[in-house]
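Undergrad: A single structure is presented below for examination.
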Amino acid sequence: MYPPKFDYLRADSAANALELLAANPDAKVMAGGHSLIPAMNLRLADPGTIIDIGRVADFKFLSANDGYVGIGSGTTHAEVAASSDVPSALSEAAGLIGDPQVRNRGTVGGNIAHADPASDLPTVLVALDATISTVSGSGTRMIKAGDFFVDLFETALNDGELVAEISMNQDGANTGSAYAKLSNPASRYAMVGAAARVTVEGGVFTAVSVAVGGLTPKAQAAPSVGAALVGQAATADNIAAAAAAVQNDLGDDVMGDIHASADYRRQMATVFVKRALTKATERAG
Amino acid sequence: MKVSMTVNGKTYTRDVEPRMLLVHFLRDELGMTGTNIGCDTSQCGACTIHMNGMAVKSCTTLAVQADGATITTIEGLANGSELHPMQKAFWENHGLQCGYCTPGMIMAATKLVENNPNMTEAEIRHGLEGNICRCTGYENIVRSVKAAAAQMGGGD
Ligand SMILES: Cc1cc2nc3c(=O)[nH]c(=O)nc-3n(C[C@H](O)[C@H](O)[C@H](O)COP(=O)(O)OP(=O)(O)OC[C@H]3O[C@@H](n4cnc5c(N)ncnc54)[C@H](O)[C@@H]3O)c2cc1C
Ligand code: FES
Ligand code: FES
């Protein structure tokens, strides 16, 4: 299968990418191409011009400082999976994306800009309350992950705006995070994904953040789960009871398809939230 | 657009359309038909090659993205007439039936073993998730990778 015809431009820096975008407002950028090329092969996307940002060194970094970690948008899933600086939920999710070949080419920036509801990273970034930094002709912006994902394949990015960096707190003292997913057996995309970060002090949950994805049009925070757990003892029973509270946060547009019905996914949300919380709690110890 | 890349140790330069996929560059421009195309959806892994030392799906990479890269295909794995340990292990352990998935399997598996020669069976299966085989049921593929890992020891 061939992608449709397009003109190809290659950016050699972030500034150059923005110049090329300004001169070609209808162009699409390509990072790893692992969402864009499959979409073009199936004629779901047909950009007249592609600006290749895959070699832009400004977007390739991963550095931790003072309990905070910054990840360049051009960092590959394999690099994130191998990092011990990022929260466990993020390295775990990155290591479960697709397969090794996909992880060698696909990037964090491309994954979140694409905002596929079946993606893994949006769910994790919402749970970790990550910040997405962007660059455009009119400067830079910082967007909270919870505000970045707007709807199915829709983000808060404006035309001509690029994801530059994703940053978040590391898992600090007494804190653990985890990601659990029900994968589509062929593609490995998430049919249900759940991410959790918990802090446990003196055997009691003092902070809990949970998000789910894969079954909703966008990654969704699950504040009811946190509300049910904070102040409670870190026990399996309390986790199981609180996980069920995710049902309050799923909303009315749980999605079903040929791979799994909406009802089934809804039930699995409780199961996978419980798994993510259980692992996160073990890691907090 | 002009692209240049080193494939199996030799540098090739061709003028190609930007939309040409790397797999078509290898097969149609260079005549290296060992790399197969098994799907339209980037899922089967039959097209796996090594690009700058990493296993990559050549059907999901544009030739222009590979400009300047160093590529190894299944044709470049053997050392002259001496098969690579992974090729030999597939042969000896019946790791193939029709053989269509085999070039991709072998290219993916060599990188897995180079990165971790001491994989458990579960790790081998997880590592080969991007490669689909319609014939073997995977048992002999996993057996082949284990046998090759024993031969390859600390990687190569
Ligand atoms: C077989 C297969 C299985 C997969 N399985 C999973 C899975 O299990 N879980 C999962 O989460 N993902 C999965 N993916 C998707 C994968 O993670 C993609 O790599 C990722 O979604 C896109 O990253 P990319 O760098 O390849 O982006 P590209 O394909 O290059 O771009 C995707 C989109 O993002 C835009 N874009 C790219 N970079 C930027 C930027 N810096 N700023 C603004 N816009 C940008 C592009 O214009 C395009 O619209 C799978 C993909 C394949 C092919
Ligand atoms: S041909 Fe199927 S993944 Fe490349
Ligand atoms: S041997 Fe036939 S597809 Fe694997």
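The values are calculated or read from the model by the stated rules, or taken from the named source; none is laboratory data. Source: prediction; values computed, not measured. Note: ideal-geometry Cβ built from the backbone for every residue, glycine included; neighbour counts use all protein chains shown. Accessible surface is based on the protein model in full, side chains and every heavy atom, while ligands, DNA and RNA are left aside. Shrake-Rupley method; radii C 1.70, N 1.55, O 1.52, S 1.80 Å.
Undergrad: Can you tell me which of B:LEU77, B:LEU83 is more than 28 Å from A:LEU36 (Cβ to Cβ), of a type in the set (A, V, I, L, M, F, W, C), open to solvent by 20 Å² or more (accessible area, probe 1.4 Å) and touching a Phe, Trp or Tyr at 6+ places or on another chain (Cβ under 8 Å)?
TA: Numbers: B:LEU77 fails: touching a Phe, Trp or Tyr at 6+ places or on another chain (Cβ under 8 Å).
Only one candidate passes the filter, namely B:LEU83.
Undergrad: OK, next. Only one residue in B:GLY99, B:GLY68 is open to solvent by less than 50 Å² (accessible area, probe 1.4 Å), among the small types (Gly, Ala, Ser), in a loop (DSSP other than H, G, I, E, B) and more than 16 Å from ligand 1 (Cβ to nearest atom), so which one is that?
TA: Working: B:GLY68 fails: open to solvent by less than 50 Å² (accessible area, probe 1.4 Å).
Answer to the check: B:GLY99.
Undergrad: While we're on this one: Considering each of A:LEU9, A:LEU36, A:LEU42, A:LEU21 in turn, give the residue that is of a type in the set (A, V, I, L, M) and either within 16 Å of ligand 3 (Cβ to nearest atom) or away from chain B (no Cβ under 14 Å) (or both).
TA: Values: A:LEU9 fails: either within 16 Å of ligand 3 (Cβ to nearest atom) or away from chain B (no Cβ under 14 Å) (or both); A:LEU36 fails: either within 16 Å of ligand 3 (Cβ to nearest atom) or away from chain B (no Cβ under 14 Å) (or both); A:LEU42 fails: either within 16 Å of ligand 3 (Cβ to nearest atom) or away from chain B (no Cβ under 14 Å) (or both).
Being of a type in the set (A, V, I, L, M) and either within 16 Å of ligand 3 (Cβ to nearest atom) or away from chain B (no Cβ under 14 Å) (or both) holds for just one of A:LEU9, A:LEU36, A:LEU42, A:LEU21, which is A:LEU21.
Undergrad: Any chance region A:152-163 includes a residue that's within 14 Å of another protein chain (Cβ to nearest Cβ), away from ligand 3 (no atom under 16 Å from the Cβ) and small (Gly, Ala, Ser)?
TA: Filtering region A:152-163 for residues within 14 Å of another protein chain (Cβ to nearest Cβ) gives none.
There is no residue in region A:152-163 that is within 14 Å of another protein chain (Cβ to nearest Cβ), away from ligand 3 (no atom under 16 Å from the Cβ) and small (Gly, Ala, Ser).
Undergrad: I need the full set of residues from region B:77-110 which are of a type outside the set (Gly, Ala, Ser), more than 22 Å from A:GLN101 (Cα to Cα) and free of Cβ contacts under 8 Å to residues at least 60 places away in the same chain, in order please. Steps first, please.
TA: Going through region B:77-110, the residues of a type outside the set (Gly, Ala, Ser) turn out to be B:77, B:79, B:82-88, B:90-94, B:96-98, B:100-103, B:105-107, B:110.
This time we only want the ones that are more than 22 Å from A:GLN101 (Cα to Cα), so: B:79, B:82-83, B:88, B:91-94, B:97-98.
Scanning region B:77-110 gives B:ASN79, B:GLU82, B:LEU83, B:TRP91, B:GLU92, B:ASN93, B:HIS94, B:GLN97, B:CYS98.
Undergrad: May I pose another question? Please state which one of B:GLY104, B:GLY99, B:GLY137 is touching a strand residue (DSSP E or B) at 6+ places or on another chain (Cβ under 6 Å), within 15 Å of ligand 3 (Cβ to nearest atom) and not hydroxyl-bearing (Ser, Thr, Tyr). Give the steps one after another, and end with the answer.
TA: Working: B:GLY99 fails: touching a strand residue (DSSP E or B) at 6+ places or on another chain (Cβ under 6 Å); B:GLY137 fails: touching a strand residue (DSSP E or B) at 6+ places or on another chain (Cβ under 6 Å).
B:GLY104 is the lone residue from the list that is touching a strand residue (DSSP E or B) at 6+ places or on another chain (Cβ under 6 Å), within 15 Å of ligand 3 (Cβ to nearest atom) and not hydroxyl-bearing (Ser, Thr, Tyr).
Undergrad: Among the listed residues B:MET54, B:MET32, identify the single one that is more than 16 Å from ligand 3 (Cβ to nearest atom), within 11 Å of chain A (Cβ to nearest Cβ) and farther than 16 Å from A:ILE37 by Cβ.
TA: Among B:MET54, B:MET32, only B:MET54 is more than 16 Å from ligand 3 (Cβ to nearest atom), within 11 Å of chain A (Cβ to nearest Cβ) and farther than 16 Å from A:ILE37 by Cβ.
Undergrad: I need every pair where a residue in region A:138-158 that is assigned by TED's automatic domain parsing to the domain that holds A:ASP120 has its Cβ under 6 Å from the Cβ of a residue that is loosely packed, with under 13 Cβ neighbours inside 10 Å and β-branched (Val, Ile, Thr), sequence separation at least 6 or different chains.
TA: Close Cβ pairs satisfying both conditions: none exist.
Undergrad: If you don't mind, another one. Within region B:37-47, identify whether any single residue is open to solvent by less than 20 Å² (accessible area, probe 1.4 Å), at the interface with chain A (Cβ under 10 Å from one of its Cβ atoms) and more than 16 Å from ligand 3 (Cβ to nearest atom), and answer yes or no.
TA: yes
Undergrad: Hey, any hits in region A:104-127 for a residue that's away from ligand 1 (no atom under 12 Å from the Cβ) and either in contact with a strand residue (DSSP E or B) (Cβ under 6 Å, 6 or more places away or on another chain) or hydrophobic (A, V, I, L, M, F, W, C) (or both)?
TA: Within region A:104-127, the first condition is being away from ligand 1 (no atom under 12 Å from the Cβ), and the residues that meet it are A:126-127.
This time we only want the ones that are either in contact with a strand residue (DSSP E or B) (Cβ under 6 Å, 6 or more places away or on another chain) or hydrophobic (A, V, I, L, M, F, W, C) (or both), so: A:126-127.
Looking for residues that are away from ligand 1 (no atom under 12 Å from the Cβ) and either in contact with a strand residue (DSSP E or B) (Cβ under 6 Å, 6 or more places away or on another chain) or hydrophobic (A, V, I, L, M, F, W, C) (or both), one finds at least one in region A:104-127, hence yes.
Undergrad: Moving on to the next point. Looking at region A:51-71, is at least one residue under 14 Å from the mean Cα position of the chain (by Cα) and either under 20 Å from A:ALA195 (Cα atoms) or modelled with pLDDT of 95 or more (or both)? I'd like the intermediate steps shown before the answer.
TA: First, the residues of region A:51-71 that are under 14 Å from the mean Cα position of the chain (by Cα): A:71.
Next, only the ones that are either under 20 Å from A:ALA195 (Cα atoms) or modelled with pLDDT of 95 or more (or both) stay: A:71.
Yes, there is a match, as at least one residue in region A:51-71 is under 14 Å from the mean Cα position of the chain (by Cα) and either under 20 Å from A:ALA195 (Cα atoms) or modelled with pLDDT of 95 or more (or both).
Undergrad: Now a separate question. Which residues, counting only those in region A:18-32, are closer than 30 Å to B:ASP40 by Cα and among the small types (Gly, Ala, Ser)? Reasoning before the result, please.
TA: Our first condition is that a residue be closer than 30 Å to B:ASP40 by Cα; within region A:18-32, this holds for A:21, A:24-32.
Within region A:18-32, A:ALA27, A:ALA31, A:GLY32 meet the criteria.
Undergrad: Looking only at region B:106-152, count every residue that is away from ligand 2 (no atom under 16 Å from the Cβ), in a loop (DSSP other than H, G, I, E, B) and crowded, with 16+ Cβ neighbours inside 10 Å and tell me the total.
TA: Restricting attention to region B:106-152, the residues satisfying the condition of being away from ligand 2 (no atom under 16 Å from the Cβ) are B:110, B:112-126, B:136-152.
Pick out the ones that are also in a loop (DSSP other than H, G, I, E, B) and you get B:116-120, B:136-138.
From what is left, the residues that are crowded, with 16+ Cβ neighbours inside 10 Å are B:117, B:119, B:136, B:138.
Matching residues across region B:106-152 total 4.
Undergrad: Right, another one. Say we look at region B:27-36 and pick out the residues that are in contact with a strand residue (DSSP E or B) (Cβ under 8 Å, 6 or more places away or on another chain) and within 24 Å of A:PHE6 (Cβ to Cβ); which of these is surrounded by the fewest Cβ atoms within 10 Å (Cβ to Cβ)? First the steps, then the outcome.
TA: At the first step, the residues of region B:27-36 found to be in contact with a strand residue (DSSP E or B) (Cβ under 8 Å, 6 or more places away or on another chain) are B:29-30, B:32, B:35.
Add one more test, that the residue is within 24 Å of A:PHE6 (Cβ to Cβ), and what stays is B:29-30, B:35.
Details: B:GLU29: 16, B:LEU30: 19, B:THR35: 25.
Only one residue fits best here, namely B:GLU29.
Undergrad: For region A:258-276, check the following and say yes or no: at least one residue is assigned to a loop (DSSP other than H, G, I, E, B) and touching an Asp or Glu at 6+ places or on another chain (Cβ under 8 Å). Before you say what the answer is, go through the steps one by one.
TA: Looking only at region A:258-276, we keep the residues that are assigned to a loop (DSSP other than H, G, I, E, B), and these are A:258-261.
Those still in the list that are touching an Asp or Glu at 6+ places or on another chain (Cβ under 8 Å) too: none.
Looking for residues that are assigned to a loop (DSSP other than H, G, I, E, B) and touching an Asp or Glu at 6+ places or on another chain (Cβ under 8 Å), one finds none in region A:258-276, hence no.
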